[in-house]
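Following: one structure in structure tokens, then a few remarks.
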Amino acid sequence: MSEQIAALTDIVGASNIYGSPEILDIYAKDESFVMPMKPASVVKVNNAQEVQKIVQWANQTNTPLIPVSSGGPHFRGDTVPSVPEAIIVDLSGMKKIEFNRVHRIAYVEPGVTYGELQAALAKEGMRLPTALAPRATKSVIASVLEVEPRLNPHTQWNYAEPLRCLEVVWGDGNKMFTGSAANGPADLEKQRANDCWQHFAYGPGQVDYFRFVTQAQGSMGIVTWASLRCELLPQIHNLHFVPAEKEADLIDFVYRILKLRFADEFLILDAAYLASLLGENADQIKELKSLLPSWVILVAVAGRSSILPEERVYAQTQDIAEIAQQFGLKFLPSVPGANGAKVLETILNPSKEPYFKQRAKGASQDLFFVTTLDKTPKFIAAMNVLAEEAGVSPNDIGVYIQPQHAGTSVHCEFSLPYDPANSREVAQIKKLYAKASQEFCDAGAFFARPYGIWSKIQFNKDAQATITLKKIKEIFDPNGIMNPGKLCNY
């Protein structure tokens, strides 16, 4: 261990190495049901050169590395070591932000959070398409690499939007620019001097290298910067509600709106999920659940252009209202317990502390997957049956359905709140989570982000895909040092 510390000290300095029991305990577990395991130490890096040197050293010494860029609390198990003597590579201190309004591109390092980036972009009249009320400590790059769903499906041309180019230190220690950044030179300052702002994600050559690090839980390499597509801040931004008693009553309307590419932010929530977003404590959440509609679509329309933004918002709002009426639905500026302005502010900004999923009972386990909208009613019905069998109230389960990729699929998420101090509730949620995960996978759910038990469940369905992924990992991480145990349990 002393030789290890000495080698790391030469790279990052003694002040950036942490090994106290208190700090190691923080990284030994998270809010998921993944088995705890302590890392050997935590190393805080400040630039890509240090990252590359650490990866090269780890290859020489066969030391496992786990990249972590977001602050706690963590929920997926992907930052918890799966093998002993792992080193946490803490990227949270890498905070550089650059942007260009003309090209609508932002360049960020992995320690930049949503709050920090959105505040910087707002000064230039821009923002980044966001995930739903992300944690205040959430790294933007971690969110984008893990393909957390965006709220604006009509401009999501692939699942990795708004990701463009990357700098990656692969598991073998080699560093690479991806996409149009690979056209060179391998110096961002020189590229920007030539007005090159890393617009295109694809390449170099015929291979889309960015895909190897998305949804990979840091098992292929470490990303040290990314370029991201931004959008202009709207001059007018209104949110309306389309309520219903059953989620199935909304499906035809949703397909019509997605087909016409109407709306900006567009998502479906049940009362429990919306109440957890809006309520500040358990009592408020309980009260809101009794007031809010059983199901509601949030439909936001924005006017960004300097040319007739009011007319765009007015015309599209009227069209959506007319379509809602055709399907026997109402298009409302408010519903009992919620108004458009407050909800819009809530979903577009980082969650206030405590994180909204922890407010109802103190903890929450999420079960999410990719499917198509027409299949969501059967998953919801199945979850209600499984919840009752496990002794969990279906009314407590939050459901979030986010159309993705221009509506070709949806992110379907069940939020299972529980009291972490109540052993009975913990056991019930664990049982429900495991059983529902397996049954949903058997019914066609696709765990595109295979955290924890989902890795075994998903990859056991497709032997050829598993073999291919292992071969790819052997190419980019031949010694298996990058977050081992996460990709196909490899």
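What follows draws every value from the coordinates through simple rules; no lab data is involved. Quick caveat: nothing in here was measured; it's all calculated off a predicted structure. Methodologically, a virtual Cβ is constructed for each residue, glycine included, from the backbone with ideal geometry; neighbour enumeration extends over all protein chains shown.
Per-structure values
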| item | result |
| --- | --- |
| Convex hull volume per residue for the range 2-90, taking Cα atoms only, in Å³ | 91 |
| Contour excess over end-to-end distance, with Cα ends at Arg256 and Glu439 and 0.36 nm allotted per residue | 62.9 nm |
| 5 angstrom amide H check on Leu416, placed H, neighbours 5+ away | Gln365, Asp366, Leu367 |
| Gap separating the Cα centres of the range 366-395 and the range 298-342, nearest whole Å | 29 |
| DSSP-defined beta bridges in the chain - what % are antiparallel, rounded to 5 | 85 |
| Computed log₁₀ I(q)/I(0) - Debye formula, equal Cα scatterers, no solvent, the range 236-442, q 0.11, 0.14, 0.16 Å⁻¹ | -0.53, -0.84, -1.08 |
| For Val147, distant residues with modelled amide H under 5 Å away | Gln215 |
| Per-pair calculated FRET efficiency, R0 = 45 Å: Val83 and His103 via Cβ, rounded to 0.05 | 0.60 |
| Normalised convex hull volume, the range 112-201, alpha-carbon set, Å³ per residue | 127 |
| Spin-label pair Lys456/Glu189, simplified geometry with 7 Å Cα→Cβ offset, distance in nm | 5.1 |
| Cβ charges +1 (Lys, Arg) and -1 (Asp, Glu), total dipole of the chain, debye | 380 |
| Inter-site label distance for Thr408 and Glu345 at 7 Å from Cα along Cβ, in nm | 3.8 |
| Distance between the range 240-270 and the range 34-53 - C-alpha centres, whole angstrom | 43 |
| Dipole in debye (nearest 20) - the range 186-302, about Cα centre, beta carbon charges: Lys, Arg +1; Asp, Glu -1 | 340 |
| Length gained when the stretch Glu280-Val207 is fully extended (0.36 nm per residue, less Cα-Cα span) | 21.6 nm |
| Low-density loop positions, trypsin sites (Lys or Arg not before Pro), the range 176-269 - DSSP coil, at most 12 other Cβ in 10 Å | Lys246, Arg261 |
| Potential extension, Ala6-Ser334 segment - 0.36 nm per residue separation minus Cα distance | 112.0 nm |
| In Hz, Karplus ³J(HN,Hα) per residue of the range 287-294 (6.51, -1.76, 1.60; θ = phi - 60°; x = Gly, Pro) | 5, 5, 4, 6, 9, 6, x, 4 |
| Helical mean residue ellipticity (222 nm; -39500 (n - 2.57) per DSSP H run of 4+; nearest 500) of the chain | -10000 deg cm²/dmol |
| Members of Lys286/Lys361; Lys44/Lys352; Lys29/Lys456 lying beyond 22 Å, as alpha-carbon distances in this model show | Lys44/Lys352 |
| Derived scalar couplings ³J(HN,Hα) [the range 224-233; Karplus, 6.51 cos²θ - 1.76 cosθ + 1.60; whole Hz; x for Gly, Pro] | 10, 7, 9, 9, 10, 6, 10, 10, 6, 5 |
| Around Val80: net Lys/Arg minus Asp/Glu count, Cβ-Cβ under 12 Å | 0 |
| Nonlocal amide H pairs with Arg135, under 5 Å, H built at 1.01 Å | Ser351 |
| Listed residues Leu145, Gly171, Gly452: farthest to the positive end of the dipole of the chain (Cβ charges) | Gly171 |
| Within the chain, longest stretch clear of exposed GluC sites (Glu not before Pro) (DSSP loop, no more than 12 other Cβ within 10 Å) | 1-244 |
| Spin-label pair Lys123/Glu388, simplified geometry with 7 Å Cα→Cβ offset, distance in nm | 5.6 |
| Listed values [x] 59, 52, 52; [y] 79, 49, 44; [z] 69, 58, 42, entry calculated as Cα extents along the principal axes in Å | [z] |
| From phi via Karplus (6.51, -1.76, 1.60), per-residue ³J(HN,Hα) for the range 456-468 in Hz, x at Gly/Pro | 5, 4, 6, 6, 5, 7, 9, 5, 5, 5, 5, 4, 5 |
| By average C-beta atoms within 10 angstrom, highest first, the peptides 266-275, 414-423 | 266-275, 414-423 |
| Chymotrypsin sites (Phe, Trp or Tyr not before Pro) restricted to DSSP loop in the range 152-197 with at most 16 other C-beta within 10 Å | Trp157 |
